[in-house]
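Below: the structure, in structure tokens.
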Amino acid sequence: MLKLWNPEKPGEEAASFHAHELGVAAIAYSGDGQLLATCGGNGRVKVWNIGGTSPVQLVEFEGHGNKPASSVAFSADGKYVASGGGDTLVKVWSLQTRNELRSLRGHSDWVGSVAFSRDGRFIVSAGVDRSVKVWEYQGGETAANLGHTRGVSAVAVSGDGKWIASGSYDKSVRLWEVASGVEKYAFTGHTEEIQSLAFSPDSKLLISGAKDGFVRVWNVETGREARAIETKEKVPALVFSANGKKFVAWTHKDTGNNSLITLLTYETATGTPADTYTDRDRSVKCLAFTPDGEMSVTGDSSGSVRILLVAKHERFKGDIPTHSKALADVALTPDKKLLIAGDEDGDVKIFDLEKQIPEPLFEKAIPAHKNRLIGIAVGPDGSRFATVDTTGQIRVWETKTGKKVREWELRMPVGGLVFTPDGKHIVSANGNGTLYLLDLP
């Protein structure tokens, strides 16, 4: 229960109301005294209008997961709120757009206090880890316009590890500097949801594919669009060749009970079509490339996997029956020796492709999730892979043993996962419009 007291009449209660289910941990007033921010044991941050006869909740932010939020602060202009808590994160929220603008990662333990500088340029946080951190923060209208306004549907990390690209249901692509977490460019031009992203091997180009049937090529250094290529179908996957001279767009079209899958290869320098391959007569549910673009893999509704040598248009090992139910996602390790496949029930199997007839590594499937599996991502050396389900539960596994290494409960939809090139982090594309950089042991 939260109580407000009349400062002009000491001891007189002005209002009393239930603010959080698991108790109120901290409160903060806006500079004009009209707004009150609260946070509590349920991990939520709420902002109330207390200028009237009784408090009215204006907005509720969810982002600290199931960890308590224990500190909260207003910016001087009252447009932003910062919060910290048991998830070790400092989060910045916009009252104008009513979404999360930043997730600042650096503390190794509970964040006990947060505050804005008077000019709004910095946020200071103090943690149980005995550290005080000063974060440079772009306040004002510029900050309010940063970030996605809808869920993130695709994510990619540059080969040099300096950049993260995110694509969203808001139809935009955004480029972020990993070291600072600052947005460098916002790329616009697509007219529907972004489905796929890929960096060139030299990290100088970024390509994006969307449901609008276009592939767009962006210059990472200048922030300008190099060209737009119409494929006429949605583009759920993209990949550059190992030397970066070509890239492949994987287009998908549903044709009744089956799918029309087309691999379109383009010259990177000109956007000129270089090759086309079509696969049909299967109900394809998921697809992926190897990092060098030499192989593609698809999983279908019957539980079978088909691997293709892209340049040669040749099938590898024939169709591989991996599950008895529809597949949710598939992946190949970078060395092309192992196939990882998961069905919609959350059961994952790993197959040895060096055998003449591919065999599972383990006698039983890995029960990766109780809820529906939606994604698989493989680490840069293939020694680990990650899975995610519809609830936002992310788990990391050792490929050779099937042993679980780490897990997170994000409690929100996740549109994609990708490992950083050093294998030390996973980037998640989140349904609330944010990206998380998750640390690996």
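The values are calculated or read from the model by the stated rules, or taken from the named source; none is laboratory data. Not measured: the values here are computed from a predicted model. When we count neighbours, we look across all protein chains shown, and the Cβ atoms used for this are built from the backbone with ideal geometry, even at glycine.
One line per residue, one yes/no per condition, for (1) among the small types (Gly, Ala, Ser); (2) more than 22 Å from Asn432 (Cα to Cα):
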{"site": "Val24", "(1), (2)": "no, yes"}
{"site": "Gln34", "(1), (2)": "no, yes"}
{"site": "Thr38", "(1), (2)": "no, no"}
{"site": "Gly65", "(1), (2)": "yes, no"}
{"site": "Val72", "(1), (2)": "no, no"}
{"site": "Trp110", "(1), (2)": "no, yes"}
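Looking only at segment 1-31, filter to residues that are among the small types (Gly, Ala, Ser) and more than 36 Å from the chain's Cα centre (by Cα); which one of those is modelled with the highest pLDDT?
Ser16
For segment 189-230, which positions are small (Gly, Ala, Ser) and closer than 17 Å to Glu177 by Cα?
The answer is Ala198, Ser200, Ser203, Gly223.
For segment 87-98, check the following and say yes or no: at least one residue is farther than 15 Å from Arg44 by Cα and at pLDDT 90 or above.
no
Given the criterion outside the structural domain of Ile123 (by TED's automatic domain parsing) and in contact with a His (Cβ under 7 Å, 6 or more places away or on another chain), identify the matching residue among Lys184, Lys234, Lys253, Lys245.
Lys234
In segment 191-231, which strands (runs of 3 or more DSSP E) lie fully inside it and hold 1 or more residues that are under 14 Å from Ser158 (Cβ atoms), in the same structural domain as Gly159 (by TED's automatic domain parsing) and among the hydrophobic types (A, V, I, L, M, F, W, C)?
194-199, 205-210, 214-219
Give, as residue ranges, the strands (runs of 3 or more DSSP E) completely inside segment 258-339 that count at least 2 residues that are hydrophobic (A, V, I, L, M, F, W, C).
258-267, 284-289, 295-300, 304-309, 314-321, 327-332
State whether the residues of segment 64-77 include one that is modelled with pLDDT under 90, out of contact with any strand residue (DSSP E or B) (no Cβ under 6 Å at 6 or more places or on another chain) and either closer than 19 Å to Trp135 by Cα or in a strand (DSSP E or B) (or both).
yes
Just give me the residues in segment 379-426 being surrounded by 19 or more Cβ atoms within 10 Å (Cβ to Cβ), of a type in the set (S, T, N, Q) and out of contact with any Gly (no Cβ under 9 Å at 6 or more places or on another chain), in sequence order.
Across segment 379-426, the qualifying residue is only Gln393.
Would you please list the contacts, defined by Cβ atoms under 9 Å and residues six or more apart or on different chains, that run from a residue in segment 235-264 that is more than 24 Å from Ser301 (Cβ to Cβ) to a residue that is among the basic types (Lys, Arg)?
Once the first residue is more than 24 Å from Ser301 (Cβ to Cβ) and sits in segment 235-264, its partners that are among the basic types (Lys, Arg) give Phe240/Lys246; Gly244/Lys204.
Would you say Val157 is surrounded by 14 or more Cβ atoms within 10 Å (Cβ to Cβ), within 26 Å of Gly379 (Cα to Cα), among the β-branched types (Val, Ile, Thr) and over 16 Å from the mean Cα position of the chain (by Cα)?
In short, no.
Specify which of the listed residues (Ser208, Ser168, Ser200) is under 14 Å from the mean Cα position of the chain (by Cα) and hydroxyl-bearing (Ser, Thr, Tyr).
Ser168
For Ala429, work out the one condition from (1) buried (at least 21 other Cβ atoms within 10 Å of the Cβ); (2) at pLDDT 95 or above it doesn't fulfil.
Going through the list (1) buried (at least 21 other Cβ atoms within 10 Å of the Cβ); (2) at pLDDT 95 or above, Ala429 breaks only (2).
Taking Gly120 as the residue in question, decide whether it is part of a strand (DSSP E or B), surrounded by fewer than 21 Cβ atoms within 10 Å (Cβ to Cβ) and in the same structural domain as Leu58 (by TED's automatic domain parsing).
Spelling it out, it is not the case that Gly120 is part of a strand (DSSP E or B), surrounded by fewer than 21 Cβ atoms within 10 Å (Cβ to Cβ) and in the same structural domain as Leu58 (by TED's automatic domain parsing).
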